[in-house]
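Every number in this text was worked out from the coordinates using simple rules, so none of it is lab data. Worth saying up front: this structure is predicted, and the values here are computed from it rather than measured. As a convention, Cβ positions derive from the backbone with ideal geometry for all residues, glycine included, and neighbour counts pool all protein chains shown.
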Amino acid sequence: MKIKWNRVNRKIHYWGAITCALPILIVLISGVLLLLKKEIDWIQPPTVKTDSRTSHLEFEQILAVAKTVKQADITGWHDIKRLDIRPNKGVIKVQTENQWEIQLDYATAEILHVAYRRSDFIETIHDGSFFHDVAKLAVFLPAAIILLVLWITGIYLFLLPYLVKRKSPKQSLKN
């Protein structure tokens with residue numbers, strides 16, 4: 001019994017596309033948002049630049065100033081996700097566990113900007129960890145592998161007519 005590759009390939013596309021449609025849609029939409037994060041302030045606050053290039057700030061000073069921002073709801077270091085220190089831009093970004101970002105002047109610790117940061121949340125949607133750590137490996141990884149198979153078989157389906165045309169003249173010359 002001869003297996004028809006085109007029929008198998010079409011079945012792979014049919015079921016593969018249905019299987020990975022929703023995870024891939026989520027990855028595509030969140031990926032577009034992440035590509036635009038520097039362009040759209042709603043996704044990620046723009047970095048304020050200052051002329052400050054030297055700093056003698058202590059971490060405790062940074063924490064004390066950050067605690068004064070009510071929206072950030074900071075009571076201690078456990079509420080801070082990361083400090084992003086950018087001396088060349090003269091700014092320190094304090095990113096909180098509740099997704100707020102406080103930008104401080106590198107030299108004076110003056111509050112320059114406070115905004116909600118959505119890019120980290122969108123990133124967790126993009127990699128699947130928002131849904132559950134298991135979803136990342138059990139849903140999004142298989143969807144990515146299926147998409148790779150669809151891409152490979154799709155390229156084959158795209159090239160097939162050209163390969164057949166290329167083969168046909170050679171066979172007719174032999175006869």
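When only alpha-carbon atoms are used, what values of Rg and Dmax, in angstrom, describe the chain?
Cα only, the chain: 26.1, 88 Å (Rg, Dmax).
What is the magnitude of the charge dipole of region 45-117 about its Cα centre, with +1 placed on the Cβ of each Lys and Arg, -1 on the Cβ of each Asp and Glu, and no other charges, expressed in debye to the nearest 20? Mind showing how you got there, number by number?
On the way: 10 positive and 10 negative charges, 54 e Å.
My answer is approximately 260 debye.
Considering the Cα trace of region 76-133, what is its radius of gyration and what is Dmax, both in angstroms?
That works out to 13.2, 41 Å for Rg and Dmax.
When the helix-only estimate is applied to the chain (DSSP H runs of n ≥ 4, each -39,500 (n - 2.57), divided by the residue count), what is the mean residue ellipticity at 222 nm, nearest 500 deg cm²/dmol?
Values: 4 runs with 83 residues, N = 175.
Estimated from H runs of four or more residues: -16500 deg cm²/dmol.
What full-extension length gain, to one decimal in nm, is calculated for Lys11 and Asn98 as 0.36 nm per residue of separation minus the Cα-Cα distance? Intermediate values should be presented prior to the final figure.
Values: separation 87, 0.36 × 87 = 31.32 nm, distance 4.54 nm.
Contour length minus Cα-Cα distance gives 26.8 nm.
According to a simple spin-label model (label point 7 Å from Cα along Cα-to-Cβ), what is the distance in nm between Lys167 and Ala135?
Each label point is offset 7 Å from its Cα along the Cβ direction, giving 4.4 nm.
Starting at the first residue of region 53-67, write each ³J(HN,Hα) from the Karplus equation 6.51 cos²θ - 1.76 cosθ + 1.60 with θ = phi - 60°, in whole Hz, x for Gly and Pro.
Listing the rounded values in order: 10, 10, 9, 10, 6, 9, 4, 5, 5, 4, 4, 4, 5, 4, 5 Hz.
Please compute the length gained on full extension between Asp84 and Thr47, using 0.36 nm multiplied by the number of residues separating them and subtracting their Cα-Cα distance.
Details: separation 37, 0.36 × 37 = 13.32 nm, distance 1.07 nm.
The Asp84-Thr47 span can extend by a further 12.2 nm.
Which whole-number percentage describes the relative contact order of the chain, with Cα contacts under 8 Å and a sequence gap of 6 or more?
Numbers: 216 pairs, mean separation 41.9, N = 175.
Across the chain, relative contact order equals 24 percent.
Mind putting a number on the dipole of region 26-163 about its Cα centre? Charges go on the C-beta only, +1 for Lys and Arg and -1 for Asp and Glu, and I need it in Debye to the nearest 20.
Working: 14 positive and 16 negative charges, 57 e Å.
My answer is approximately 280 debye.
In whole Å, what three semi-axes, largest first, describe the equivalent ellipsoid of region 45-117 built from its Cα gyration tensor (square root of 5 times each eigenvalue)?
Numbers: eigenvalues 68, 35, 18 Å².
Square roots of five times the eigenvalues give 18, 13, 9 Å.
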